[in-house]
Each structure stands twice: as C-alpha cells, then as structure tokens.
Amino acid sequence: MMSGAAMVVEALKDVGVTHVFGYPGGAVLDIYDALFAQDDVKHVLVRHEQAAAHMADGYARSTGKTGTVLVTSGPGATNTITGIATAYMDSIPMVILSGQVPSKHIGEDAFQETDMVGCSRPIVKHSFLVKRAVDIPEAIAKAYYIANTGRPGPVVVDLPKDIVNVAE
C-alpha cells in the first residue's frame, strides 16, 4: 500500500522531474517525508515561497525542463502568485504542487485555507483539486502534459492534506 505522499513523489519521477523548489509547511509535510526518503528527486529549499516559484521559472528557462514548486496551504500557496503570473505571461512551463487543508474543511474558512484553484485561475493554464489519492498520479501526469502542450505555462495541483496522508 502506498501513501498519497509517496504517490506524489513517484508521479514526479514518472514525468522525469529531477528538482523541486519549495518550502515545507504543515499541509505538505508528508510529501516532504516521502521526498526525503528517496534520492532521485532533489529538493531545493528556499527562504520564501515566492523564491520557489521564481527559481522554478529560472530552472525551466535555463534547462528547457518544467519547473516544479512544492508549497504548503494558505499563505504558502498565495506567496507563489507573482512567480506563477511571470511564468504565465512568458509562457514558461511550471507545475505548482500546493498543499490544502483537509477535504472536509474546504470552504469552511479553516486555518490556512485558501482557494488556490480560484485565485490562480487567471494566471494558469489549468488547475486541479485532487479529491482522491488514487487520482494523484493522473493529475500530476496531466499537469505536466498541459504545462508543456501548446503554449507552455503554469498548472496548479492542489493537494488536500487528508488525500496525501491516505494509503491506497
């Protein structure tokens, strides 16, 4: 049985991700544990989430690969908005993995809840709110496909905490 967090990391490997730029927080700690339990995908720790988005943008520009961002919910996610907008305006492929409050608390003004799908809508090609752990691999694969197809650009994958904690 694999946890949702392990599915995230395996899905990143499956699409060829070698570097993730991010800052840990409560909603994504299980993903960080899974990330640090392997050696194929390297994590670049930043001091602020906005820096993660800009570093992923620079990585994509310099390598031709898709930039990947991993941040927690609420302010962690919203701090990436300027970097996402930059990538959108300049057609830079980027995937933002944002933590989210547990599914049952979405829409209840929970601590550090932000509608990342809604607030990023004007500056992304597409957004996913993953509702079941079994959907994680497909959502991530689609995110990378969309980020690189046609006019490149950013895609958000919002991952509720209970979804990445569950074992499927």
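Here are some notes:
- 20 Å Cα-Cα reach of Lys42 towards aspartates and glutamates, excluding residues that sit fewer than 8 places from it in its own chain: Glu10, Asp14, Asp30, Asp33, Asp57
- Orientation-averaged projection of the chain equals 8.3 nm² [convex hull of Cα atoms, one quarter of hull surface area].
- Likely footprinting exposure, Lys65, Lys42, fewest C-beta neighbours within 10 Å first: Lys42, Lys65
- Gain in span if fully extended, Asn165 to His19, counting 0.36 nm per residue against the direct Cα distance: 50.3 nm
- Segment Thr82-Asp33, extension gain: residue separation times 0.36 nm, minus the distance between their alpha carbons: 14.9 nm
- In percent, rounded to a whole number, the relative contact order of the chain is 28, using alpha-carbon pairs under 8 Å and six or more apart.
- Candidates His105, His43, His126, ranked by Gaussian network fluctuation over the chain, Cα under 10 Å, top entry: His105
- Burial ordering of Lys104, Lys125, Lys13, fewest other beta-carbon atoms within 10 Å first: Lys104, Lys13, Lys125
- Each part reduced to its alpha carbon centroid, the stretch 29-82 and the stretch 137-161 end up 14 Å apart.
- Under the simplified labelling scheme, the Arg47-Lys131 pair shows an inter-label distance of 4.2 nm, with each label point 7 Å from Cα along Cα→Cβ.
- Size of charge dipole - the stretch 4-165 - debye, nearest 20, with Cβ of Lys, Arg +1 and Asp, Glu -1, no other charges: 440 debye
- Cβ crowding within 10 Å ranks Val20, Val166 as Val166, Val20, fewest other Cβ atoms first.
- Proximal lysines to Lys142, defined as alpha-carbon separation beneath 18 angstrom and excluding residues fewer than eight positions away on the same chain: Lys13, Lys65, Lys125, Lys131
Just so you know, all these numbers are worked out from the coordinates, no wet-lab data involved. Small disclaimer: the values here were computed from a predicted structure and weren't measured. Positions of Cβ are generated from backbone atoms using ideal geometry, with glycine treated the same way; all protein chains shown enter the neighbour counts.
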